[in-house]
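Below you'll find the structure, written out as structure tokens, and then a few comments.
The values are calculated or read from the model by the stated rules, or taken from the named source; none is laboratory data. Here the structure is a predicted model, which means the values were calculated and not measured. Positions of Cβ are generated from backbone atoms using ideal geometry, with glycine treated the same way; all protein chains shown enter the neighbour counts. Only protein heavy atoms, including side chains, enter the accessible area calculation; ligands, DNA and RNA are left aside. Shrake-Rupley method; radii C 1.70, N 1.55, O 1.52, S 1.80 Å.
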Amino acid sequence: MHRRTLLAVGLATLLLVAGCAGGSSSAESTATPDERTIQVAGTGSTQAEPNQAVVDVAVVATADDAATARQRLAANASQMRSALTDLGLDDDQITTMRYDINRDRRRPREEGTEPRVQYRASHAFEITLTETDRVGTVVDTAVQNGATEIYDIQFTLSTDRRRSLERDARRAAMTDAREKAENIADAANLTVTGVEVVRTGGGGAPRQYAGGAASATPTAVADAGTDVESGPVSVTATVRVVYNAAPENETDT
């Protein structure tokens, strides 16, 4: 009984050694040399007319005390919102960007006198429009009904439109990368055989700048109104692609 146990252990040991030797031989036989690769960057862009505009305005009121400044601000802001609503804008198109009340200690005009304390209340709004040709009308309406500052006007793209253009820009970037890789491969007597890695980046729809910080009086003006023109918005995408490549004679066989 004791002898049979020893034989079984010995047989198991021989099988284990044989298995290790066989695994080592198989690994060596399947080893392959490192593949050749070509790494390039591609850029693509597309553009379209903006289908969305963002107007940043603010209502500002001042007073000798904070309560009065707040009351004046609330009245002017309410008047502006009502006028924009009458123009056809929904409440969700007029959103608050910032609200603050600050104490301002102004320097006295005459030396030896106490500085004058004044409170400045400000309510900034972001107005989003889907009809870009109405920007001028919205600006005039806001200014004539309580807005005292126009920060800027930006023309951009809606989310769905931007995503569609981003897809087109990425396709153009991949085409550009492929052309570059094939040119490099041809110069090195290689042939592109496939894609190893693709990295994307740099996509987006930068807003087109159409205006800057400005101030305006809340009184009605008798001119022809504000006219704001826009140009196309560009969307750019970049890709970095690593291609597999092989010598031309290997791909022919």
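Working out 0.36 nm times the residue gap between Val197 and Thr37, then minus their Cα-Cα distance, what length gain in nm do you get to one decimal?
Between Val197 and Thr37, full extension yields an extra 56.6 nm.
Just by accessible area at a 1.4 angstrom probe, what is the order of Met80, Met174, Met97 from largest to smallest?
Met97, Met174, Met80
Given R₀ = 45 Å, what would the calculated FRET efficiency be for Arg163 paired with Ala75, taking r from the Cβ atoms and rounding to 0.05?
E(calc), rounded to 0.05, equals 0.60.
Quick check: residue separation of Arg103 and Glu131 times 0.36 nm, minus the Cα distance between them. What number comes out in nm?
Gain on stretching Arg103 to Glu131: 6.2 nm.
Which value, in debye to the nearest 20, gives the size of the charge dipole of the stretch 58-183 about its Cα centre, when Lys and Arg are +1 and Asp and Glu are -1 at the Cβ?
360 debye
Select from the stretch 130-193 those GluC sites (Glu not before Pro) which occupy a DSSP coil region and have at most 14 other Cβ atoms within 10 Å, ordered by residue number.
Qualifying residues, ordered by number: Glu131.
Roll a 1.4 Å probe over the protein heavy atoms and report the accessible area of Ile38 in Å², nearest 10.
10 Å²
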